[in-house]
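After the structure tokens below, expect a handful of questions from me.
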Amino acid sequence: MSKISKSTIDVRYAETDQMGVVHHSVYAQYFEVARLDWLNQFNIHYHKMEEEGIMLPVYDLNIKFHRAVKFGETITVKTSLAEMPDIKIKFNYRIFNSKNLLTTSGSTTLVFVNATTRKPMRCPTYISDAIKNNE
């Protein structure tokens, strides 16, 4: 549906378990790095949203592991938007190793929340416009 961003990440030793495989908990961080890169390509910056009283907590996180990622590898996270945002915004992720083999796929759904009221809100117009105008 939308532009795909590509984020390159070097797997660090601290991200792995005793077997040298990336621990499952680290993938949420990889998704976050990739999500911020995706937003930045539209000149949408998370810190600016927070300054404007907009929060984006994670509502749903799904991960499917296809093959192991190990310490020392460089991965590429390809991120895309699943659909135009409304109250929620959903991203899809595919992680590839240096041999371009799919290692992981997943998605996150985040909810636009007013920082003052802590209640869900519609996607700000400037965000949906930036996405529509740059596809």
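The values are calculated or read from the model by the stated rules, or taken from the named source; none is laboratory data. Since this is a predicted model, take the numbers as computed values, not measurements. Using ideal geometry, Cβ is built from the backbone for each residue, glycine included, and neighbour counts are taken over all protein chains shown.
Which members of segment 55-74 meet the condition of being within 14 Å of the chain's Cα centre (by Cα) and part of a strand (DSSP E or B)?
58, 59, 60, 61, 62, 63
Out of the residues in segment 119-135 that are free of Cβ contacts under 8 Å to residues at least 60 places away in the same chain, in a loop (DSSP other than H, G, I, E, B) and closer than 18 Å to residue 58 by Cβ, which is nearest to the chain's Cα centre (by Cα)?
Among them, the one singled out is 123.
Here's another thing I want to ask about it. Given the conditions (1) buried (at least 17 other Cβ atoms within 10 Å of the Cβ); (2) under 22 Å from residue 8 (Cα atoms); (3) more than 17 Å from the chain's Cα centre (by Cα), which single one is not true for residue 113?
Failed condition: (2).
Quickly run through segment 1-38 and pick out the residues that are part of a helix (DSSP H, G or I), more than 11 Å from the chain's Cα centre (by Cα) and surrounded by 13 or more Cβ atoms within 10 Å (Cβ to Cβ).
15, 26
Can you say whether residue 77 is closer than 29 Å to residue 112 by Cα and either of a type in the set (Val, Ile, Thr) or modelled with pLDDT under 95 (or both), as far as the supplied structure shows?
Details: closer than 29 Å to residue 112 by Cα: yes; either of a type in the set (Val, Ile, Thr) or modelled with pLDDT under 95 (or both): yes.
Criteria met by residue 77.
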